[in-house]
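Enquirer: Have a look at the structure that comes next, please.
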Amino acid sequence: MSVMTDNRGSWGSKIGFIFAAAGSAVGLGAIWKFPYIAGQNGGGVFLLVYLACVFTVGAVMMLSEMMIGRRANKSATSAYRALGGGYWHVAGWISVLCVFLILGFYSVVGGWTIAYVFEAVRGDVLTTDGAALEAAFGQFIGDPLPALVYTFLFLSITAGIVIAGVQSGIERICKILMPTLFVLMLFLVVRSLTLPGAIDGLFYLITPDWSKLSIRMVLDALGLAVFSLSVGAGLMIAYGSYLNRETRVINSGLWIAFLAILASVLAGLMILPAVFAFDVDPAAGPGLTFITMPALFAQMAGGQFLAIIFFLLLLFAAITSAISILEPVVAFLIDEYKVSRKKATLWVAAVNFILLGVPAALSFGGAADNLSLFGKTPFDLMDFIASNLLMPLGGMLAAVFVGWRIWPVIRAELEKECPNWCIKLFRFVAGILSPVLIAAVAYFLIFS
């Protein structure tokens, strides 16, 4: 029994757990997605709706998954089976498949961040010619060898951290990377806000434009909140399974939600003022990260140094998030098949790279047409299945599981930390509001 306990691991401290779980939320979704989605949806009003979504559906479902994991002391599939019986373990299988698919294409984007750190160090990305930057980015992601090498390198770094264990690997690296990431973000925020004309970007982010409020915008905000907090993917079930009984889950979860929001707001303050200062469209889309921002750095004093910091913090965010994506699959093999952590991690990383990483990395070059299925490249297909189908389905199942199937168990956990009114509100959000809203997001993502 002691061997298996050591094999699973546990958190060494509350702050270590908070940093690790926040690392899951503070990934590329917060730093890459939030600024351009906020830019497309009117800035300030989107921020308010996003905050409401995080502290209702997002926080409740994240806390629920943490409590499922801690109560069962197991990862998703084993936890659903232990607490729910019947066929509930299928919900765990869905979450494992979801994160396995996400790891396949996320490692490709993580590889891009490594490459752009090197590009920034060389100064190759510093040009004001947006067309040249777009062509360079397209050429880079379309070149098979670099794409595969950087994907393999990123996945190897992630696997190396997970192999080291919960305390010695995940917790230790997140205690270093998360504070460093926030310091780097603050540095870039200060620089961005001191640019001439940056005040317009600040006001755009903090001033609500109620004319932009719409059903689609609310669903965008809810989708981002659910995606950022990894609801439905089983990540927090795995992380919660390493918690001791004394840790206050509600308090820890609220800190995680706060850090996720803080990262998103800092990302907005880091990017949108610079975008307005140089008269760039704030709704420029995903290209803001790898095309627009390098062009902006090229126009700033000390631009190369700023570009290095920017892509380093992107890399740190990608690593802390990728760790949390890999860990649930590793924990699944440990719990279900009693495989050692090292062997489980190496198996998952190797199979993922061969089956998913390679096709995803080759989705942007000349081979993309030959690899496409249903009109989508492997990269897009993995993203669509994981983000639009499996994660919402996992979120709905988790909500029904918590709000109905095991509610007495969850209520007993909540009674240790919450007043009665809070418990009633929690059940309403988990059992009724969350399934309905997550289903609406899924419908919007699939059919819009």
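The values are calculated or read from the model by the stated rules, or taken from the named source; none is laboratory data. This one's a predicted model, so the numbers in the text were calculated from it and none came from an experiment. Counting neighbours? That spans all protein chains shown, and the Cβs are built from the backbone with ideal geometry, glycine included. Quick note on the areas: whole protein, heavy atoms, side chains included, nothing else; ligands and nucleic acids left out. Shrake-Rupley method; radii C 1.70, N 1.55, O 1.52, S 1.80 Å.
Enquirer: Hey, what number do you get for the chain at 222 nm if only DSSP H runs of n ≥ 4 count, each worth -39500 (n - 2.57), divided across all residues, to the nearest 500?
Expert: Numbers: 24 runs with 313 residues, N = 448.
Estimated from H runs of four or more residues: -22000 deg cm²/dmol.
Enquirer: Could I have the simple spin-label model distance between E134 and F447, label points 7 Å from Cα toward Cβ, reported in nm to one decimal?
Expert: Computed distance between label sites E134 and F447 equals 3.4 nm.
Enquirer: Can you give the alpha-carbon Rg of the chain over 2.2 N^0.38 Å, where N counts its residues?
Expert: Numbers: Rg = 21.0 Å, N = 448, 2.2 N^0.38 = 22.4 Å.
Here the Cα radius of gyration is 0.94 times the empirical estimate.
Enquirer: Among all helices in the chain defined by DSSP H, which have a length of 15 Å or more along the axis from Cα atoms plus a Kyte-Doolittle mean of at least 1.6? Before the final figure, lay out the partial values.
Expert: Values: long enough: 14-25 (17 Å, 1.36); 59-72 (20 Å, 0.71); 89-122 (50 Å, 1.50); 130-142 (18 Å, 0.99); 144-163 (28 Å, 1.96); 172-193 (32 Å, 1.83); 215-228 (19 Å, 1.67); 249-277 (42 Å, 2.18); 303-337 (51 Å, 1.87); 341-352 (16 Å, 0.02); 434-447 (19 Å, 2.31).
Once both thresholds are applied, what remains is 144-163, 172-193, 215-228, 249-277, 303-337, 434-447.
Enquirer: When a/c reaches 1.5 or more, the comparison of a/b and b/c decides; with that in mind, is segment 84-153 rounded, prolate or oblate per its Cα gyration tensor?
Expert: Values: a/c = 3.66, a/b = 3.31, b/c = 1.11.
Prolate.
Enquirer: Let me ask something else. Could you work out the Rg to Rh ratio of segment 211-258, with Rh taken as the Kirkwood radius (inverse of the mean 1/r over all Cα pairs)? Can you show the working numbers first?
Expert: Numbers: Rg = 14.5 Å, Rh = 12.7 Å.
Ratio of gyration radius to Kirkwood radius for segment 211-258: 1.14.
Enquirer: Turning to a different aspect of this structure: For segment 101-209, max minus min Cα coordinate along each principal axis, in Å, sorted largest first?
Expert: Answer, in whole Å and largest first: 47, 36, 31 Å.
Enquirer: Quick check for you: with a 1.4 Å probe and neighbouring chains kept, what is the accessible area per residue of the chain, in Å²?
Expert: Working: 17170 Å² over 448 residues.
Ligands and nucleic acids excluded, the figure is 38 Å² per residue.
Enquirer: Could you point to the residue in L393, L296, F34 farthest towards the positive end of the chain's charge dipole, with +1 and -1 charges on the Cβ of Lys/Arg and Asp/Glu respectively?
Expert: It is L393, whose Cα lies furthest towards the positive end.
Enquirer: While we're on this one: Assigning unit charges at the beta carbon (Lys, Arg +1; Asp, Glu -1) and nothing else, what dipole magnitude in debye, to the nearest 20, does segment 4-135 show about its Cα centre?
Expert: Details: 8 positive and 6 negative charges, 158 e Å.
Using only the charged Cβ atoms, the result is roughly 760 debye.
Enquirer: Oh, and also: Output the lone cysteines of the chain: those with no second cysteine's C-beta under 4.7 Å from their C-beta.
Expert: C53, C98, C174
Enquirer: Given the pairs K74/K342; K14/K416; K14/K343; K14/K175, which are separated by over 20 angstrom at their Cα positions? Let's see the in-between values first.
Expert: On the way: K74/K342 18 Å; K14/K416 17 Å; K14/K343 28 Å; K14/K175 11 Å.
From K74/K342; K14/K416; K14/K343; K14/K175, over 20 Å: K14/K343.
Enquirer: Suppose R0 equals 35 Å. What FRET efficiency, 1/(1 + (r/R0)^6) with r the Cβ-Cβ distance, do K14 and L425 give to the nearest 0.05? Don't skip to the answer; put the middle values down first.
Expert: Details: r = 25 Å, r/R0 = 0.71.
Here the calculated transfer efficiency is 0.90.
Enquirer: Just to be sure I understand: with springs between alpha-carbon atoms less than 10 Å apart, which residue in R70, R245, R81 has the highest mean-square fluctuation in the Gaussian network model of the chain?
Expert: R245
Enquirer: Moving to a separate point now. Using only Cα atoms, locate the centre of segment 94-143 and the centre of segment 370-433, then give the distance between them in Å, rounded to an integer.
Expert: Their Cα centres are 30 Å away from one another.
Enquirer: Roughly to the nearest percent, how much of the accessible area of segment 1-93 is carbon and sulfur, given a 1.4 Å probe?
Expert: Exposed carbon and sulfur together represent 64 percent of the surface.
Enquirer: What percentage of the solvent-accessible surface of segment 164-216, computed with a 1.4 Å probe over protein heavy atoms, is contributed by carbon and sulfur atoms? Before the final figure, lay out the partial values.
Expert: Details: 2030 of 2990 Å².
Carbon with sulfur: 68 percent of the solvent-accessible area.
Enquirer: Then there's this: Ranked by accessible surface with a 1.4 Å probe, highest first, in what order do L371, L425, L222, L362 come? Show your work: numbers first, answer last.
Expert: Working: L371 70, L425 90, L222 5, L362 40 Å².
The most accessible residue leads, giving L425, L371, L362, L222.
Enquirer: Sorted by accessible area (1.4 Å probe), largest first, how do T128, T113, T292 line up? Don't jump to the answer; show the numbers that get you there.
Expert: Numbers: T128 90, T113 0, T292 20 Å².
So, going from the largest accessible area down, we get T128, T292, T113.
Enquirer: Just by accessible area at a 1.4 angstrom probe, what is the order of C422, C53 from largest to smallest?
Expert: C422, C53
Enquirer: Further question on the same structure: If r is the Cβ-Cβ distance from V409 to V351 and R0 is 25 Å, what FRET efficiency results, to the nearest 0.05? Please report the intermediate quantities before stating the final value.
Expert: Values: r = 34 Å, r/R0 = 1.36.
For V409 and V351, the calculated efficiency is 0.15.
Enquirer: Can you send over the carbon and sulfur percentage of the accessible area for segment 334-398, probe radius 1.4 Å, protein chains only? Don't skip to the answer; put the middle values down first.
Expert: Working: 2100 of 3090 Å².
The C+S portion of the solvent-accessible surface of segment 334-398 is 68 percent.
Enquirer: A follow-up question, please. Taking the Cα centre as origin and putting +1 on Lys and Arg beta-carbons and -1 on Asp and Glu beta-carbons, what dipole magnitude results for segment 311-424, to the nearest 20 debye?
Expert: Details: 9 positive and 9 negative charges, 63 e Å.
Dipole size: approximately 300 debye.
Enquirer: Specify whether the C-alpha gyration tensor of segment 309-361 places it in the rounded, prolate or oblate class, a ≥ b ≥ c being the square roots of the eigenvalues: rounded for a/c under 1.5, otherwise prolate if a/b is larger than b/c and oblate if not.
Expert: Details: a/c = 3.25, a/b = 1.63, b/c = 2.00.
Oblate.
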